[in-house]
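A.B. asks: Let me begin by handing over the structure; questions about it come next.
The values are calculated or read from the model by the stated rules, or taken from the named source; none is laboratory data. On a predicted model such as this, the values are computed, not experimentally measured, just so you know. Don't worry about glycine lacking a Cβ; one is built from the backbone with ideal geometry, like all the others, and counts go over all protein chains shown. For the accessible areas, the whole protein counts, side chains as well, though only heavy atoms, and no ligand, DNA or RNA atoms are used. Shrake-Rupley method; radii C 1.70, N 1.55, O 1.52, S 1.80 Å.
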Amino acid sequence: MTHERRVIRGARKKKRRDNPGFTVFLATLSILGLGALGYYLGLHHTVGLKLRERLTGSSSASDPTTIVDVTAGAPNLLVHGTMAVPVIMYHDVLPQKQVWFDLTTSEFADQMAELSAAHAHPITIQQYYNHFANGSKLPDRPILLTFDDCTLGQYTQALPILEQYHYPAVFFVQTGYVGTTTEKQHMSWQQLREAEATGLITVESHTVTHPEDMTVLTPDRLDEELQQSRATLEAKLGHKVLFLAYPSGTCDAAVSSAARRAGYLAAFTMDRGWTVSPAQSYFMPRFTPKRVNEIINTWNGIVPMAPPPARMLAIDSEAPVTFGTFTNGPFPVMWLAGGDLTTEALDTRQTVGEMALNAKAQAALNGTFFADARIAGTGGAMIGPCLSSVNHVYEKVDPGDNSRIEGRPLILFSKNSCIVFPYTAHLGGSLRVLQQMMPDVEDAFVAGGWIVHYGAALSPAEMARWSSSDYIDPRHRAFVGIDAQNRYILGATQDSINCVQLADMLVRMHIQEAWLLDSGFSTSLIWKNRILVSGHSQPGVPSRPVPHALFLMGTLDPKAPEPPSWALPAAGPGAATLNDALSADSTGGARNYFRTHKRYIRRRHHRHIRTSHETPSQPPAQPPGSSTAQP
């Protein structure tokens, strides 16, 4: 599997804390990270229930007329929404279908009847935008109906049905097709004016010529498509045009930047998902009509199909790095917390101990999932986009992985903040897209799944939908997250457990957010060059070498305990080598390695026990409600 890798040349950019614009961004993160959104301070105890409160939350309807652009403070993010809103993308509506994505008139009428029966409240695009831009209130079960391509059937077939229910909608129009006939008949300017005169339809931009792939256009052509379309619509219809739908949904950082330059406040893709804050204003998702029943079922709490919503958090990276063991539960969890989280991604595999030694990191953990799962393999290609600050590498997604990792957590890290988004395809194609979401992003990757979100464990059904397929298998488990003190936290279990059991433990530890890392044989938690948790049940057997590792960098807590006496070296003299680790990378290999090295392992274990009796180590620091584990 091939991936494009790009070295980010030069040292890290100067810290952005002195930048006034970024100060506003961090202030926003701090507010949201501390729970300013009333929804997330609700009384529900599961993510599924929390999401449903957001989907069905009650608020009085409003009809705002002022559109506020708040993206200057937090580029490309709309941060004030308190509800999740689905957007439906329709195309033509005809008595008989011409192409597969058309709807027949009867199918469209049935869908509007279903929405009415479900007590849905279609909203205007201005209401939609203002909710996420400035927190304007929405009615219960809001939904935005959009139509692409300016086809005549939208006027003759769909509009009368919309009028019957008094449902507002958006017509996204490619201006070069107005009044023409191609494979389809298209509305005239007069028909567009009549549609708007009903008070239900807003006409917005779909470019001039409907390019099938906006990402391959020259900059001049891109600007022409976006600026000319907007100017023509405003001249013909007499109102400002502020919203865009990308033809065929294709977009990237260059396209979204051109949309912003052209004066659009938001733009819509064809990526599937609910709109939630922090919303990516130039990458708004939409559902196809076949997802309407799924949306209604989600409103009704029948299926947790929507991925966990995005979240921003402020981080206390000045907290000293420390180590502890949580034992107030059926399985002990060893953890490292504090400092600044950094990562390293290699072209090949290495032991986590060696990677930590080279990075001069005292606290380390194996990273996220990689593509080459062969036993004793050495491939380093990652699954999903990956940005690493230790060796200044960015790796974009392999397009073949997009459907596989849809909805999994894409985590963006910086010294002072963290943002997690449900992954969609447009987020994996370039570093610029990540920088648009977080200006000072230093590290990023797609984790294996959601475990804890807003302090609540995901349900097994949600894990099954939005996590790796092995979530239910018993393995040594590794995770990264953010604790109740707003510190980055790395952790792992010495027992083989599934993700449901892990989530229960992490909730007991008061973890705010937790995301699954590569587990099983890859698990490798390192503290002060000693192995706290490995990927094998046999003591002393080295974990699988990996291409990706996480480090906590910063001042060590002077009260932090030393590693347990039984912990073996992670790198350097006395440690297992890369070849040792590769030879142990299977159940049989691990058994052979232990049989061959058991004398050394036991001798070293007893030596550490004798040393510990002479100079007892300090008990580990604990999060609230935990107790010290006894080795």
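A.B. asks: Leaving ligands, DNA and RNA out of it, work out the accessible area of LEU94 with a 1.4 Å probe and give it in Å² to the nearest 10.
C.D. replies: 30
A.B. asks: Excluding ligands, DNA and RNA, what is the solvent-accessible area per residue of the range 385-432 at a probe of 1.4 Å, expressed in Å²?
C.D. replies: With the other protein chains kept in place, the range 385-432 gives 25 Å² per residue.
A.B. asks: One-quarter of the Cα convex hull surface for the range 184-319, in nm²?
C.D. replies: Averaged projected area of the range 184-319's Cα convex hull equals 12.4 nm².
A.B. asks: Label-point separation (nm) for SER459 and ARG432, each offset 7 Å from Cα along Cα-to-Cβ?
C.D. replies: Result: 4.2 nm between the two label points.
A.B. asks: Please compute the net charge surrounding ALA503, taking Lys and Arg as +1 and Asp and Glu as -1 over other residues with Cβ under 12 Å from its Cβ.
C.D. replies: Every neighbour counted, the sum reads -1.
A.B. asks: Sticking with this one: Top to bottom by accessible area (1.4 Å), largest first, where do TYR177, TYR471 land?
C.D. replies: TYR177, TYR471
A.B. asks: Calculate the length of the line joining the C-alpha centroid of the range 392-444 to that of the range 545-584, in whole Å.
C.D. replies: 28
A.B. asks: Compare the peptides 327-334, 179-186 by average per-residue count of other Cβ atoms within 10 angstrom and give them in order, highest first.
C.D. replies: The densest-packed peptide leads the list: 327-334, 179-186.
A.B. asks: Give the carbon-plus-sulfur fraction of the accessible surface of the range 511-558 in %, rounded to a whole number; probe 1.4 Å, heavy atoms of protein chains only.
C.D. replies: Answer for the range 511-558 is 53 percent, counting heavy atoms of protein chains only.
A.B. asks: To the nearest Å, what is the center-to-center distance of the range 281-324 and the range 176-249, using C-alpha atoms only?
C.D. replies: After rounding, the separation between the Cα centres reads 31 Å.
A.B. asks: What does the accessible area per residue of the range 469-561 come to in Å², with a 1.4 Å probe and no ligands, DNA or RNA counted?
C.D. replies: Accessible area per residue, the range 469-561: 29 Å².
A.B. asks: Enter the accessible area of SER256 (Å², nearest 10), with the probe set to 1.4 Å and all protein chains included.
C.D. replies: 0
A.B. asks: So which trypsin sites (Lys or Arg not before Pro) in the range 361-458 end up in coil per DSSP with only 11 or fewer other C-beta atoms within 10 Å?
C.D. replies: ARG374
A.B. asks: Further, regarding this structure: Could you order TYR246, TYR155 so the one with the most accessible surface comes first? Probe is 1.4 Å.
C.D. replies: The ranking, largest first, comes out as TYR155, TYR246.
A.B. asks: In Å², what does the accessible area per residue of the range 285-363 work out to with a 1.4 Å probe?
C.D. replies: Solvent-accessible surface per residue comes out at 31 Å².
A.B. asks: Related question: In Å and whole numbers, how far do the C-alpha atoms of the range 78-224 stretch along each principal axis, longest first?
C.D. replies: Taking the Cα atoms of the range 78-224, the three principal extents are 39, 39, 29 Å.
A.B. asks: Given 20 °C and 1.002 mPa s, how large is the Stokes-Einstein diffusion coefficient of the range 452-526 in µm²/s, with Rh as the Kirkwood radius over Cα pairs?
C.D. replies: For these conditions, the coefficient is 176 µm²/s.
A.B. asks: Could I ask something else about it? Give me the percent of accessible area attributable to carbon and sulfur for the range 139-197, probe 1.4 angstrom.
C.D. replies: 45
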